[in-house]
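Notes to accompany the following structure.
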Amino acid sequence: MPEPQIRFDDGAAYEEFMGKWSQLAGDTFLRWLAPPDRWRWVDVGCGNGAFTEMLFERCSAAQVEGIDPSAEQLAFARERLATRPVRFQVGDAMALPYASAGFDAAVMALVIFFVPDPAKAVAEMARVVRPGGGVSSYAWDILGGGFPFHVLQEEMSALGPAPIWPPSVEASRMDTLRALWSNAGLVRIETLEISVERTFDDFDTFWRIAQTGPRLLPRIAAMAPAERQQLQDRLRSRLVSDASGRITCSARANAIKGEVAQK
């Protein structure tokens with residue numbers, strides 16, 4: 001029986017689990033995009049607003065529309081960006097509730113592998129962006145070992161549970177992203193591999209944050225105490241700390257950008 005679609009419904013927990021990682025990769029991503037100031041953006045799968053906030057801070061966005069399936073995440077995002085010209089609404093990446101050619105840019109940050117039909121989502125982003133505007137995304141290179149908590153995934157798999165992949169994990173591959181952008185009629189397509197690092201105060205901090213993922217937590221909680229201790233011991237042996245006890249982990253994302261063709 002297939003597992004239910006992954007949902008992030010706790011904005012504060014997401015901030016620790018993935019929001020900080022998103023902003024680390026997002027900084028490199030936006031410097032690569034180098035978009036003009038004062039553009040109108042749609043942030044597809046905006047979650048708790050971690051990346052949305054960067055559109056204002058790094059790009060001086062004139063206005064942003066954020067859309068996400070989680071009302072709880074959007075409530076967090078509204079508080080986070082209460083003073084910004086942004087509007088959030090619950091919606092579907094595969095059926096964006098916007099007029100055609102209404103934005104200068106559409107972006108999808110760490111979301112495309114969660115979308116049941118990535119091709120529809122990319123086509124929708126291209127539809128709502130004006131000719132000459134940008135359509136872009138970045139996604140963890142999950143199948144290439146780029147997921148931020150891939151070490152935990154690997155050690156859990158070694159103990160028995162199968163890897164926990166998003167439903168459209170193939171969309172995280174660079175060649176798949178290129179095909180999606182090309183098939184949507186986008187032009188001037190470019191790609192970039194993004195590598196980032198995040199440091200945790202100690203192993204206990206890493207362990208607490210790593211297991212808050214919406215699929216990781218219930219699986220770890222279901223383990224027998226001895227098995228859970230074995231998992232922790234295996235992780236400790238792989239995550240070497242520095243003299244202060246800090247642990248540094250790496251992640252890698254595949255990024256892509258393209259333009260809507262001029263008519």
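Among residues other than Arg236 whose Cβ falls under 11 Å from its Cβ, what is the net charge (Lys/Arg +1, Asp/Glu -1)?
That works out to -2.
Within a Cβ distance under 11 Å of Gln89, other residues only, what is the Lys/Arg minus Asp/Glu net charge?
-1
Among Ala158, Cys249, Met174, pick out the residue whose Cα is farthest towards the positive end of the charge dipole of the stretch 122-263, where Lys and Arg carry +1 and Asp and Glu carry -1 on C-beta, about the Cα centre.
Toward the positive end, the furthest listed residue is Met174.
Packing-wise, with mean Cβ within 10 Å as the measure, how do 61-68, 194-201, 205-212 rank, highest first?
61-68, 205-212, 194-201
Of Pro69, Ala123, Ala109, whose Cα points farthest to the positive end of the dipole of the chain (charges on the beta-carbon: +1 Lys, Arg; -1 Asp, Glu; origin at the Cα centre)?
Ala123
Obtain the radius of gyration and the Kirkwood radius of the stretch 61-216 from its C-alpha atoms and give Rg over Rh.
Rg/Rh for the stretch 61-216 comes to 0.99.
Nothing charged except the Cβ atoms of Lys and Arg (+1) and of Asp and Glu (-1): what's the magnitude of the dipole of the chain about its Cα centre? Round to the nearest 20 debye.
That gives the chain a dipole magnitude of about 540 debye.
Where both residues lie in the chain, what percent of DSSP beta bridges are antiparallel, nearest 5?
Once the DSSP bridges in the chain are tallied, antiparallel ones form about 50 percent.
Output needed: percent of Cα pairs per 10 Å distance bin for the chain, bins running from 0 to the one holding the longest distance.
Spelled out bin by bin, the chain gives 7, 30, 36, 19, 7, 1, 0 percent.
Relative to the Cα centre, what is the charge dipole magnitude of the stretch 81-170, using +1 at the beta carbon of each Lys and Arg, -1 at the beta carbon of each Asp and Glu, and rounding to the nearest 20 debye?
500 debye
Report the rotationally averaged projected area of the stretch 11-97 based on its alpha-carbon convex hull, in square nanometres.
Hull-based average projected area comes out at 5.3 nm².
Which trypsin sites (Lys or Arg not before Pro) in the stretch 36-132 pass both tests, a DSSP loop state and at most 13 other beta-carbon atoms within 10 Å?
Sites meeting the loop and neighbour criteria: Arg38.
Every read-out reported here was derived from the displayed coordinates using simple, explicitly stated rules and does not represent laboratory data. Source: prediction; values computed, not measured. Cβ sites come from the backbone with ideal geometry, for glycine too, and all protein chains shown count toward neighbours.
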